[in-house]
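What follows is one structure encoded as structure tokens, with my remarks underneath.
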Amino acid sequence: MTRTDFGPPNYKEMLPPVIKENYGKWKYHERVKPGVLLHVGESGDELYTVRVGSGRLVSTDWIRDICGIAEKFCGGHLRFTSRHNLEFLVSEKEKLEPLIAHLKEEGYAVGGTGHSISNPVHTQGWIHCHTPATDASGIVKAVMDDLFEYFTDWKMPAHCRVSLACCLNMCGAVHCSDIAILGIHRKPPTIDHDIVRSKCEIPNVIAACPTGAIRPDPKAKSLTVTDEKCMYCGNCYTMCPGMPVADPVGDGISIWVGGKISSARTPPKFSRLAIPFLPNNPPRWPEVTDAVRNILETWASHANKHERMGEWIERVGWERFFSLTGIPFSVQLIDDFTLASDTYRSTPAFKW
Amino acid sequence: MTEDSKTPLLDQLEEGPWPSFVTEMKRAGEKNEMAKDLLHQLEKSYKNKIGYWKHGGIVGVRGYGGGVIGRYTELPEEFPAIAEFHTFRVNHPSGWFYTTDKLRQLCDVWDKHGSGLTNMHGATGDIILLGAPTDALQPCFDDLAEIDFDLGGSGSDMRTPSCCVGPGRCEFACVDTLDLLHDITNEFQDELHRPMFPYKSKIKISGCANDCVASVARSDFSVIGTWRDEIRMDPDEVANYADGNMDIQAEVVDLCPTGCIKWEAETKTLTIDNGECNRCMHCINLMPKALRPGKDQGATILVGGKAPIVHGALMAWVIVPFMKMEPPYDDFKDFIRTAWEWWDENGKMRERIGELINRLGMRAFLKAMDLPPVPQMISAPRANPYYFWDPEEVK
Ligand code: HEM
Ligand code: HEM
Ligand code: HEM
Ligand code: SF4
Ligand code: SF4
Ligand code: SF4
Ligand code: SF4
């Protein structure tokens, strides 16, 4: 019998010596250049970090490649970030430039620190999920090819976090990103009554619908959907395989802007709907890459230094956001789903 | 039969400077039929603009209720190698630090049993091993256990918690995020591996208010490091920043949200009225050599964050303004257990704890947690007169 409940590998065994020695005793850091951080300990020890973008969906051979690099330059240690980036940790300064040269030669993408776009957090899409309204990896690849200069350079006034989720389940919780790309369905589920009868627990399916659009159909021992109430979330399909919502014509992309996580200067913010629908146009989704670039560059050219997307929009006003970006305003952008919890505090930044 | 299939659409995603997942799928496909069929099914999705994965059939490994996600293609005749293509969620080490030995062992196990494709990492933090047939699950887990990799969470359990790099490499960390994460992950192994809650429950830990793991948006229990005393300052380094190319008045003072910093350019003196500071991190972010968090460190605990399903997205709310965070972290563990108990007792199926607080009211939650109401919990008091009294209070 296999042992169970032994927990993850102990991080202490994974840390490079320079981190063990300076653990909790880092004094300050500098942003050396795009993609490179320097951390200095109380001891005077130096640690250089070189950040590399990854496609997130990687083969074991890719992992072996990066292990080879870490063995050559970093004593066999490396780490990943919360945004799917890879980081090489260099404690000997003379190895820094050779490492960077090697990475560039091999075609790795060095960048993503400071005032640049970091790797977009993203999800599975058509590669491995049952509810997607679009692909994830493909759009991220297309958007990052297009915006590559913003990953490798510091050309923006502040951080800009781009994220993608392929349906409104939002694995990866994209709802607080500077720019969020979200797959959406636009048609109510089609009901396969045989599957509903044989595989689904009808009360649970009814309860799962956020808008109360599903009602029992006792005659058919199945369900009906009131189409006008359905906002195509696919919750019913997660509960019941007889109610698919995906549809090549109905499915596509929405764009949300102005979200923020950190409490620096202003509290965290939700991203707000800016573009309600763009078509799925694989393999390069030109409508999406154009829209993202337009929003990013409009912000970058108008915002003050250190001003995130949402801070800039709050200062200039949403009406100005729409006039500057040229994005048409439509009725879908006006909220009609209520959540009244906004008087609770969502920031740890408050006074004692 | 897939030999002569072509992937003209996906091939276009091998061009361009950003790393290509298509190239990775092809590399894995050279050695592995599953990866090859996956590539061809994806090409079909690109052509027809729809996915081909099915929701159905419970799979797993002995002793665990979660950690493996079942997946079956809708097109098993066309793509037989991925007829069963299940995912492992493997619990990552704190801070995503690895030795290359460890990663190489993991690659060997995955090449032996699965598709050779992975996500480093999933959005929750796990290592995602993407695609193995049902028969391979138990042997694969046995081999993973052999090299000390355990599974993460899925379904209605505690999901794999995650944390920022913290004291490993960040001078801002007010909590030992890596240690706290490792400790609670081990403490809550049962909750991680055996789904028994109304729905999923997530814990994420950030060392400061920059919140680099986005805990406030993505976790039911968000731990964010902070301090209670005064920002530490090195006046010489402040002067150095001023002599460099930083406009301290414009970039720091004018952007301080509480207006509690003053800068005298002639004398190069910076003063902070710490009593009025809300510890937002902005000034420290800009001048890490000169300013540091205070020494009386701990964490703010926020509860209720989640993505939209079912009743809309929520950001977590301040519940405990300050808690000391030192091993063995008993106060924190008690807090989590009490909150889980209340949620387990009162939550409906698929109701996250934030939604339950919304439904039953903050007052019910505070009562269950035996916590006093304080103004740090709200951004404003109520604006409506519909409030309630306990008969006990009316005497
Ligand atoms: C200058 C001070 C800062 C330092 C030293 C710092 C350090 C870091 C580090 C080490 C990571 C990687 C963490 C990990 O993945 O485990 C990270 C990620 C992140 N940081 Fe910060 N951070 C700083 C300021 C900020 C600020 C001001 C924000 C937001 C306004 C921010 C937002 C984020 C986000 C969203 C991530 C996600 C990961 C990524 O980009 O790869 N950070 N930060
Ligand atoms: C009619 C019976 C079923 C019900 C009521 C049901 C219900 C649910 C619910 C409520 C979720 C969301 C849970 C979560 O996000 O963790 C979910 C997710 C999921 N379900 Fe089902 N399900 C059913 C059948 C199945 C079957 C037979 C499979 C077989 C593979 C399946 C695969 C999944 C997967 C892969 C997820 C995502 C899991 C995750 O996020 O960790 N479901 N299901
Ligand atoms: C509440 C509604 C949600 C549902 C029903 C849901 C369902 C699913 C399903 C079905 C998958 C399987 C995809 C596959 O086959 O590989 C999945 C993957 C995943 N989900 Fe969710 N999810 C939800 C929300 C979230 C949220 C809010 C997060 C994170 C903050 C998250 C994190 C993940 C992660 C890490 C994976 C693994 C693959 C990846 O990173 O893309 N999920 N989820
Ligand atoms: S966001 Fe939606 S479609 Fe994408 S992986 Fe998550 S549940 Fe699946
Ligand atoms: S798709 Fe969502 S809103 Fe529409 S019926 Fe299903 S659960 Fe209800
Ligand atoms: S959350 Fe704070 S302590 Fe943690 S890595 Fe980010 S800046 Fe550092
Ligand atoms: S931490 Fe924020 S509130 Fe406090 S002094 Fe610095 S900028 Fe002002």
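Condition first: open to solvent by less than 20 Å² (accessible area, probe 1.4 Å) and away from ligand 3 (no atom under 14 Å from the Cβ). Now tell me which residues in the stretch A:206-229 satisfy that.
A:A213, A:I214, A:S222, A:L223
Please pick out the residue among B:K262, B:K268 that is over 34 Å from the mean Cα position of the chain (by Cα) and at positive phi. Working first, answer last.
Working: B:K262 fails: at positive phi.
Within the list B:K262, B:K268, the selection yields B:K268.
Among the residues of the stretch B:165-219, write down those that are assigned to a helix (DSSP H, G or I), within 16 Å of ligand 3 (Cβ to nearest atom), in contact with a helix residue (DSSP H, G or I) (Cβ under 8 Å, 6 or more places away or on another chain) and of a type in the set (S, T, N, Q).
Result: B:T185, single match.
Taking the condition hydroxyl-bearing (S, T, Y) and at pLDDT below 95, does A:S301 pass?
Details: hydroxyl-bearing (S, T, Y): yes; at pLDDT below 95: no.
No.
Restricting to helices (runs of 4 or more DSSP H) lying wholly in the stretch A:140-246: which have 1 or more residues that are within 14 Å of ligand 2 (Cβ to nearest atom), facing chain B (nearest Cβ under 9 Å) and not basic (K, R)? Even if it seems obvious, please write down each step before you answer.
Details: elements: A:148-152, A:193-199, A:202-208, A:235-239.
Fully inside the stretch A:140-246 and qualifying: A:202-208, A:235-239.
Confirm whether A:H77 is in contact with a Pro (Cβ under 9 Å, 6 or more places away or on another chain), away from ligand 1 (no atom under 16 Å from the Cβ) and farther than 18 Å from B:E14 by Cα.
Values: in contact with a Pro (Cβ under 9 Å, 6 or more places away or on another chain): yes; away from ligand 1 (no atom under 16 Å from the Cβ): no; farther than 18 Å from B:E14 by Cα: yes.
No.
If B:C280 satisfies all but one of (1) away from ligand 3 (no atom under 16 Å from the Cβ); (2) outside any loop (DSSP other than H, G, I, E, B); (3) under 17 Å from A:T266 (Cβ atoms), what's the number of the condition it fails?
Among (1) away from ligand 3 (no atom under 16 Å from the Cβ); (2) outside any loop (DSSP other than H, G, I, E, B); (3) under 17 Å from A:T266 (Cβ atoms), the lone unmet condition for B:C280 is (2).
Sort through B:G60, B:G65, B:G95, B:G122 and tell me the only one that's in contact (Cβ under 8 Å) with a residue 60 or more places away in the chain and open to solvent by less than 20 Å² (accessible area, probe 1.4 Å).
On the way: B:G60 fails: open to solvent by less than 20 Å² (accessible area, probe 1.4 Å); B:G65 fails: open to solvent by less than 20 Å² (accessible area, probe 1.4 Å); B:G122 fails: in contact (Cβ under 8 Å) with a residue 60 or more places away in the chain.
Only one candidate qualifies: B:G95.
Could you tell me which numbered condition A:C233 fails, if it satisfies all but one of (1) open to solvent by 30 Å² or more (accessible area, probe 1.4 Å); (2) at pLDDT below 95?
Of the numbered conditions (1) open to solvent by 30 Å² or more (accessible area, probe 1.4 Å); (2) at pLDDT below 95, the odd one out for A:C233 is (1).
Among the listed residues B:E14, B:E24, B:E33, B:E43, identify the single one that is among the acidic types (D, E), open to solvent by less than 20 Å² (accessible area, probe 1.4 Å) and without any contact (Cβ under 8 Å) to a residue 60 or more places away in the chain. Break it down stepwise before answering.
On the way: B:E14 fails: open to solvent by less than 20 Å² (accessible area, probe 1.4 Å); B:E24 fails: without any contact (Cβ under 8 Å) to a residue 60 or more places away in the chain; B:E33 fails: open to solvent by less than 20 Å² (accessible area, probe 1.4 Å).
Sole residue among the options that is among the acidic types (D, E), open to solvent by less than 20 Å² (accessible area, probe 1.4 Å) and without any contact (Cβ under 8 Å) to a residue 60 or more places away in the chain: B:E43.
Looking at B:D176, B:D220, B:D157, B:D211, which is the one that is within 16 Å of ligand 7 (Cβ to nearest atom) and either surrounded by 24 or more Cβ atoms within 10 Å (Cβ to Cβ) or within 27 Å of B:E276 (Cβ to Cβ) (or both)?
On the way: B:D176 fails: within 16 Å of ligand 7 (Cβ to nearest atom); B:D220 fails: within 16 Å of ligand 7 (Cβ to nearest atom); B:D157 fails: within 16 Å of ligand 7 (Cβ to nearest atom).
Of the residues listed, the single one that is within 16 Å of ligand 7 (Cβ to nearest atom) and either surrounded by 24 or more Cβ atoms within 10 Å (Cβ to Cβ) or within 27 Å of B:E276 (Cβ to Cβ) (or both) is B:D211.
The rows are residues; the columns are (1) over 16 Å from the mean Cα position of the chain (by Cα); (2) within 16 Å of ligand 6 (Cβ to nearest atom).
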site: B:G114; (1), (2): yes, no
site: B:I128; (1), (2): no, no
site: B:P133; (1), (2): yes, no
site: B:A136; (1), (2): yes, no
site: B:D142; (1), (2): yes, no
site: B:R159; (1), (2): no, no
site: B:C163; (1), (2): no, yes
site: B:P167; (1), (2): yes, yes
site: B:L178; (1), (2): no, yes
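Would you confirm whether or not the stretch A:97-115 contains a residue that is more than 10 Å from every other protein chain (Cβ to nearest Cβ), touching a His at 6+ places or on another chain (Cβ under 9 Å) and more than 16 Å from ligand 5 (Cβ to nearest atom)?
yes
The values are calculated or read from the model by the stated rules, or taken from the named source; none is laboratory data. Computed from a predicted structure; not experimentally measured. Reconstructed Cβ throughout: ideal geometry from the backbone, glycine too, with neighbour counts over all protein chains shown. Ligands, DNA and RNA are excluded from the accessible area calculation, which covers all protein heavy atoms including side chains. Shrake-Rupley method; radii C 1.70, N 1.55, O 1.52, S 1.80 Å.
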